[in-house]
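Notes to accompany the following structure.
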Amino acid sequence: MLSFFSNNALFLVHSRERMRSTEMFARILIGLFVIGIIFANAYFKEHYQLDDGYFRGVSDYQKVYVPWPFKMVSDLAVFQGFILLLFGSVSAYRRGRLERTAGTLDFHRASPTAYWQQVIGLFCGATSMEWVLFFFVFLFQVVVAFFSPVILLPMIMFHLTLALAGLIYQLLFLMIGLSLNPRPQKSKDFIILLFVFISVPLFYNISRPLTHHVTWIAAYADLKHSFDLLFDINSRPIHDYDTLNMFFGVNLPSFVLSFGMKFPLIVFIYHALTRRIARDDKPLLSRAMTVMLVIILLVLFLGSSFHYFLSAQTDNIQKPYRIDVSLFLYFVFILGIGYSYLVTPTLLSYKKELKRSLVVQDGVIVMNTKYCCNSLWMICFSVITAVFYYVIAYFLQTPLPVCCMGLFLLLSYVWFFSGLLEFFNLSYFRHKTILLYSIVLVLWVLLPILEMVTAQFMRARGVYPTAIISPVYGISYVGDGLMMNERFRDFSWYFLIIAWGVAIIPNVLSFLKRQQIVRDLRNEGFPAECDMQQEG
Amino acid sequence: MQNNPPMIEVNSLRIDYDNVTAVDHLSLSIPKGQIFGLVGPNGAGKTSTIKALAGIIEPTSGNVKIAGYDLESQREKALMGLCYMPDFPPVYENLRVWEYLDIFAAAYKIPFKDRIFKVRLWLDKVQLTDKFDSLIKELSRGMRQRLVLAKTLLPDPKVLLLDEPASGLDPLARSQMRGLLLEATEEERTILISSHILTELRDFCNAIGVLEKGRLVVSGTLAEIREKLQMKKKIHVITAESFHQFKFGIREYVQGNPHLHNMDEINSNKFILTFSGNDKDASAILNSLVEQGLNISNFHVKEDDIEDIFFQIGAKKVS
């Protein structure tokens, strides 16, 4: 282990730059100062205004509320969150970006070090300081735990869960740093801040096992829950703590579920990082890995909402599953957009794939193009989605024709986007992405809004045809269909034909574009032929 | 051929960028110990070729073998004996000079205990010993280039890829760099060096390849290329006095001699004869000129060097 790191160039670079004794000393000093303030806040707080309006002394406060070591451990846990999730993510992002802007990554690419070693070295080196500080605070908490009734096990579980969350965030931001355009631009550190801290409360409000356990919320919820069990605390309980730990209807230990959900994501991000380290121009995931990611995410989603869908068998009036149905549909849609980005080739990668699939059959150059275009991969996505969609429809007892209509409508949006993206990637417009997003904006947002406003003026009712081509509105119809709501009755096959008509146009264009590229490449001929011509 | 297997083998290499083909069907075989100069104007595809050989960019098609190992399927083995130096030296600004060399020694799996010795040795060779503990951001451009060269040579590679190693350097730093490179060529290394500054290559290349618009127009040893292009030698003649009174006689002699093709007057004391013969023929020409009464102070036969080859190919516009 020690030898691995002492011989890992990327680890040595970043750990040396980050762990210079002067910098380390300064950070530990700041850390001690913060710990001191937390200790003072927990122990020496003289007065506290209780709910009844009276001021009490330290002893009263500590009898009524949590003893000071618990408060100290909780506050230190928040401090650790800042270190690992915020500073760690920022550092990982900056170090990844530094490798790209300085051009030093090329040296490592040209070295005999394996890519997986480079990823581990870069990651560990980039975030070494934060992990050292994290363990430093952990040791401090262990010392506090020995002098107080704080139970070690929940504390260790908290640290493990937070460390897993830290891994996800840091790996993700390292990947962003390595993937962004290396040309000088304004720092994007504030985006990290926004992502880490503002997006998570949204997940918290959704309050489903998947959104709970893939973020850092799970670590703090577990710590709070274990403290709540120890004391009769007059604080806001975590709503539905037990249901947050259910997977496919089985109640699992929180750490097990957290690990089970985070681990596959860590593996995928690590795989993407390895690909990014190896090459700048490759998609982050191979197509096979993208398919696997979609399956795993859908399994995690289904497992996470399973008990809600199961409740459809008993409670069809309150419909506690309605949030899960909407979440599932938007989840599939977003997944489809992300999937399209990963499987749709750029012009360069498409040409590379074509060149590699050149084969001679009876002396004629043939191109094995079936794996190159994204139609095959979109069919794959549609089949996977259909399986999960039908499982949910089965629980909700949705009739098959309604179920099919909803599914086809949902998939039409993803097919439209992937076709448009492929056409743009392969055509002259590949550098004009603003045009792509403008088309999407007009068709998916502006046009439906315009028609709905007009319809409001004309007091027309029912489903609007242009609203159907937009997922913003269309997905709600699909949800209505799945849950057999009244509103779905206005929907007909006619609208489905419109939606698919719109989806097919970019796919036909991209098909024609692919044929043209294949023709051009075939005319170029075989490399061997050219060599022979040169020699001749 | 079996005694001297190719250390760099490129077969039908093609490199595409978004809307341009940088390298097109390039095939190359460089045997052990050869110093191969890749010549071409800016944008000819030299850097792309070198980057593909170093495993930095993925070719559209074709394959590369380094020391017999396939670069795609046996990457680590292929790159073990290969070092690459780009035209612009990328460095970690906040690292110390010794640390920079140490990390790349680690990347090439040099044992921990030997590293500091090697670092000191190479810092001494590139005259940066006094900068041992300095931060890299304090170094000048020339010093950085020398540091990167030290990093490139430290693992004692069998194959060296040098992409415009002296670009952006002042004449003194350029001369120092040339000295270091000449030293590097003394051991039996296979070197692929690219440059558009042809005088840079003249001193150490024993074979060249001319790239133009991504295609290898011609390649081989200098003698092979001269033969291929049927290039003629030049006889430079300098007289002590003006040769005007002999001019007519010399022209007649040139026309009558099968080894002489042309006469270019440079000034009243110098003229150049285009020549295609051996040393004996040259000696006979010298004697004839002296017999005509020419007072010759300097007479030498000059073979075309890389620069002449490049310009001759450029003039033909082969692409």
Qualifying residue in region A:242-264 (condition: open to solvent by less than 60 Å² (accessible area, probe 1.4 Å) and more than 27 Å from A:Leu310 (Cα to Cα)): no
Residue in region B:143-161 that is open to solvent by 20 Å² or more (accessible area, probe 1.4 Å), without any contact (Cβ under 8 Å) to a residue 40 or more places away in the chain and more than 14 Å from chain A (Cβ to nearest Cβ) present: yes
Cβ pairs under 9 Å, 6+ apart, first in region A:100-123 and within 7 Å of chain B (Cβ to nearest Cβ), second of a type in the set (Lys, Arg) and in a helix (DSSP H, G or I): A:Asp106/B:Lys51; A:Phe107/B:Lys151; A:Ala110/B:Lys51; A:Pro112/B:Arg75; A:Pro112/B:Lys77; A:Ala114/B:Arg75
Residues of region B:16-25 that turn out to be open to solvent by less than 30 Å² (accessible area, probe 1.4 Å) and more than 10 Å from every other protein chain (Cβ to nearest Cβ), as a count: 2
Check on B:Ala54, more than 9 Å from chain A (Cβ to nearest Cβ), within 30 Å of A:Leu426 (Cβ to Cβ) and either open to solvent by less than 30 Å² (accessible area, probe 1.4 Å) or aromatic (Phe, Trp, Tyr) (or both): no
Among the candidates B:Ile116, B:Ile66, B:Ile110, residue that is more than 10 Å from every other protein chain (Cβ to nearest Cβ), at pLDDT 90 or above, open to solvent by 10 Å² or more (accessible area, probe 1.4 Å) and out of contact with any His (no Cβ under 6 Å at 6 or more places or on another chain): B:Ile116
Residues of region A:109-127 classified as open to solvent by less than 10 Å² (accessible area, probe 1.4 Å) and either in contact with an Asp or Glu (Cβ under 8 Å, 6 or more places away or on another chain) or within 22 Å of A:Leu29 (Cα to Cα) (or both), total: 6
Of all residues in region B:79-107 being touching a Pro at 6+ places or on another chain (Cβ under 8 Å) and at the interface with chain A (Cβ under 9 Å from one of its Cβ atoms), the one that is most open to solvent (accessible area, probe 1.4 Å): B:Met80
Number of positions in region A:10-27 that are in a helix (DSSP H, G or I) and open to solvent by 50 Å² or more (accessible area, probe 1.4 Å): 5
Unique match (being open to solvent by 20 Å² or more (accessible area, probe 1.4 Å), within 16 Å of the chain's Cα centre (by Cα) and of a type in the set (S, T, N, Q)) among B:Gln74, B:Gln34: B:Gln34
Entirely in region A:403-517, the helices (runs of 4 or more DSSP H) that have 3 or more residues that are open to solvent by less than 20 Å² (accessible area, probe 1.4 Å) and over 30 Å from A:Lys355 (Cα atoms): A:471-482
Selection within region A:139-181 - touching a Pro at 6+ places or on another chain (Cβ under 7 Å) and in a helix (DSSP H, G or I): A:Val144
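The values are calculated or read from the model by the stated rules, or taken from the named source; none is laboratory data. Computed from a predicted model, the values in this text were never measured in an experiment. Here Cβ is always computed from backbone atoms with ideal geometry, including for glycine, and neighbour counts include all displayed protein chains. These area figures cover heavy atoms from the full protein model, side chains too; ligands, DNA and RNA do not enter into them. Shrake-Rupley method; radii C 1.70, N 1.55, O 1.52, S 1.80 Å.
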